[in-house]
Amino acid sequence: MKFTSLLARTATTVALALLILSVISFSAIAYFIVLPIARQSADDLSDLMFLSAQTWQDAGVDEYPGLRQMLLQNHDLIVAEQAPDLPKAPFSRPYFSFLKEALGRRAGFEIEILEGPEEKRLWVDIPVRDGIVRLGFNRQRMATRPPTVLLLVIIGGVMLTLLTSFIVVHRVIGPLDRLSAAVRKVGQGRWPPPLEEDGPEELATLAQAFNRMSSEVQALLENRTVMVAGISHDLRTPLTRLGLAVEMLGEDSDPQLVAGLRRDLAIMENMIRQFMELAQGLADKNEQEVDLCELLKAQGADLERQGYTVQLEGEGPCLYRGNPFALERVLGNLLDNAARHSDHQLIEISLQKNSGSMSIRICDRGPGIPDAEREAVFRPFYRVETARSGQSGGSGLGLAIVDQLANKNGWKITLAAREGGGTKAIIELPFTDR
């Protein structure tokens, strides 16, 4: 149980309150009830001992057996037949201090409480006319144990606190846990079923607000996806016509103008293709087992056919359950981005299986990304200053698509500077049961 959790904090607060209340209550009971009772009991025992010793002194020898039996049965006192030297009894209970004070007041001088060979009894020498009468009484006569009582109260209070806190917090933490899980799913672009709108009024209102927000966000994203897909699809027809028109231009047309038109049409076609990929990637897809090694080998082979040098570290099979289309798009866009900026230098790909995730690293020797722009490059149409000339052929959508697909599927993308120059893209694919 983490101390930062609601249960731990509530339990700690309630436990401290109950502990303080227990200490105050115990102290008040001990001072105003237990200690006065102990003093009165010590006074009564002192009077009984002196009365018993005086009765024993006045009785005849033939009365001793009956008197001894009566004292034992009625008062749990024993008269010692002999009075050898005995050591002082070590004691820590307040009751024995009260008894010693009461005996001293009655006798007029200090009387010690002695410890005999029997562990059960303590002894007191009561002065009489002809000497002393040694009486033994039960060590547990006043069996009050304040420390033990306090310890039991504390243990019981802690157990009661934990039980109460668990019951109280469970009623609150259950709906909050469901809300937290639903929020995480919405943050990943997945849509959980509506939350139950019951329980305490505040939590029910929160669930209603979340359900309303989730529905509105889902509708907004669906409308955006449909709009993007529709516009991208509808633009293909006029672009195709423009392409045909460019191809049908006569031989007397300006070659540079024709080349520029073809280049612009290719860029527009690439942007539309990326918009379509984004719309397709944000749509729900069934998860499947994908061999990451085979996927990386296939995409590396595509780059090698384009004249790039690719090195893959990691042997298969390396299975991962996820959205195959999104995986292909994320890895493909990152590899294309590395290829465009690598100036045909070696592109290194490594695949590593960790305890709870798969880690893929794509390293290039390009100009790199400044520290201040590593977050900004994931924004749509944002390009690093060195890439804004347009010579790299990038539209500024590749990393934005990567970021949205990664967020939807619960993956983590990190861009870091590579030692010796270049950029290192790290993709963390956690194993999840979804």
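Please treat every number below as a calculation from the coordinates, not as lab data. Quick caveat: nothing in here was measured; it's all calculated off a predicted structure. Because the Cβ atoms are built from the backbone with ideal geometry, glycine has one as well, and the counts that use them run over all protein chains shown.
Hey, if you put +1 on the Cβ of every Lys and Arg and -1 on every Asp and Glu Cβ in segment 1-108, which of ALA11, GLY108, GLN69 ends up farthest toward the positive end of that dipole?
Value computed over the given set: ALA11.
With a 10 Å Cβ neighbour count serving as the proxy for reagent exposure, in which order, fewest first, do TYR64, TYR382 appear? Don't skip to the answer; put the middle values down first.
Working: TYR64 13, TYR382 16.
Lowest to highest Cβ neighbour count: TYR64, TYR382.
Label points 7 Å out from Cα along the Cβ direction at ARG129 and TYR382: separation in nm?
Label-label distance for ARG129 and TYR382, simple model: 11.1 nm.
Filter the DSSP H helices in the chain by two things, a Kyte-Doolittle mean of at least 0.0 and an axial alpha-carbon span of 24 angstrom or more, and list the hits by number. Write out the running numbers ahead of the final one.
Values: long enough: 6-29 (34 Å, 1.98); 35-58 (35 Å, -0.20); 146-187 (57 Å, 1.34); 201-247 (68 Å, 0.11); 255-282 (40 Å, 0.20); 324-341 (26 Å, -0.03).
Length and hydropathy pass: 6-29, 146-187, 201-247, 255-282.
Which residue fluctuates most in the GNM of the chain (Cα springs below 10 Å): LEU346, LEU160, LEU122?
Checking each option, the largest mean-square fluctuation is seen for LEU122.
Pull out the extension gain between TRP191 and MET227, defined as 0.36 nm times the separation in residues minus the alpha carbon to alpha carbon distance; nm, one decimal.
Details: separation 36, 0.36 × 36 = 12.96 nm, distance 1.97 nm.
Answer, rounded to one decimal: 11.0 nm.
How much length is gained on full extension from MET271 to GLN306, taking 0.36 nm per residue of separation minus their Cα-Cα distance? Don't skip to the end; give the middle numbers.
On the way: separation 35, 0.36 × 35 = 12.60 nm, distance 2.03 nm.
The span from MET271 to GLN306 would gain 10.6 nm if fully extended.
Before rounding to the nearest 500, sum -39500 (n - 2.57) across all DSSP H runs of length at least 4 in the chain and divide by the residue total; then give [θ] at 222 nm in deg cm²/dmol.
Values: 10 runs with 235 residues, N = 434.
That calculation yields -19000 deg cm²/dmol at 222 nm.
Using Cα pairs closer than 8 Å and at least 6 residues apart in sequence, work out the relative contact order for the chain, in percent. Walk me through the numbers on the way to the answer.
Values: 516 pairs, mean separation 46.4, N = 434.
Relative contact order for the chain comes out at 11 percent.
Ignoring solvent entirely, what values of log10 I(q)/I(0) come out of the Debye formula for segment 63-121 at 0.16, 0.22 Å⁻¹ when each Cα is a single scatterer?
The computed values of log10 I(q)/I(0) come out as -0.68, -1.12.
What is the order of LEU19, LEU415, fewest Cβ neighbours within 10 Å to most?
Ascending Cβ contact count within 10 Å gives the list LEU19, LEU415.
Taking the convex hull of the Cα atoms, report for segment 6-147 its projected area averaged over all directions, in nm². Don't jump to the answer; show the numbers that get you there.
Numbers: hull surface 44.7 nm².
With the hull built on Cα positions only, its mean projection is 11.2 nm².
Looking at the chain, which longest stretch skips every one of the GluC sites (Glu not before Pro) that is in a DSSP loop with at most 12 other Cβ atoms within 10 Å, leaving the sites themselves out? Don't skip to the end; give the middle numbers.
Working: sites that count: GLU81, GLU110, GLU118, GLU119, GLU251, GLU315, GLU375, GLU419.
The longest uninterrupted stretch comes out as 120-250.
Please find the FRET efficiency linking LEU235 to VAL258, where r is the Cβ-Cβ separation and R0 is fixed at 22 Å, and quote it to the nearest 0.05. Working shown, then result.
Numbers: r = 21 Å, r/R0 = 0.97.
Plugging the Cβ-Cβ distance into 1/(1 + (r/R0)^6) gives 0.55.
If the only charges are +1 at each Lys and Arg Cβ and -1 at each Asp and Glu Cβ, what is the size of the charge dipole of the chain around the Cα centre, to the nearest 20 debye? Display every interim value, and only then the final one.
Working: 46 positive and 55 negative charges, 72 e Å.
Around 340 debye, computed over the chain.
Of PHE26, PHE210, PHE91, which is the most mobile in a GNM of the chain whose springs link Cα atoms less than 10 angstrom apart?
Checking each option, the largest mean-square fluctuation is seen for PHE91.
Among TRP411, TRP191, TRP123, which comes first, second and so on when ranked by fewest other beta-carbon atoms within 10 Å? Intermediate values should be presented prior to the final figure.
Working: TRP411 23, TRP191 16, TRP123 19.
Listing TRP411, TRP191, TRP123 from fewest to most nearby Cβ atoms yields TRP191, TRP123, TRP411.
What nm distance separates the two modelled labels at GLU201 and GLN352, each placed 7 Å from Cα along Cα→Cβ?
Label-label distance for GLU201 and GLN352, simple model: 5.5 nm.
Determine the shape class of the chain: with a ≥ b ≥ c the square roots of the Cα gyration tensor eigenvalues, call it rounded for a/c under 1.5, and otherwise prolate if a/b is greater than b/c, oblate otherwise. Could the numbers behind the result be given before it?
Details: a/c = 5.65, a/b = 3.87, b/c = 1.46.
In terms of gyration-tensor shape, prolate.
Could you pull the Rg and Dmax for segment 285-386, using just the Cα atoms, both in Å?
Taking only Cα atoms of segment 285-386, I get Rg and Dmax of 14.5, 40 Å.
Multiplying the sequence separation of MET248 and ASP47 by 0.36 nm and subtracting their Cα-Cα distance, what value in nm do you get? It would help to have the intermediate numbers written out before the result.
On the way: separation 201, 0.36 × 201 = 72.36 nm, distance 13.05 nm.
Between MET248 and ASP47, full extension yields an extra 59.3 nm.
In segment 165-205, whose amide N lies under 18 Å from the spot 7 Å out along Cα-to-Cβ of LEU21? List them in ranges.
165-169
Could you tell me the calculated FRET efficiency between ARG171 and GLU375, based on Cβ-Cβ distance and R0 = 35 angstrom, to the nearest 0.05?
Working: r = 40 Å, r/R0 = 1.15.
Efficiency, rounded to the nearest 0.05: 0.30.
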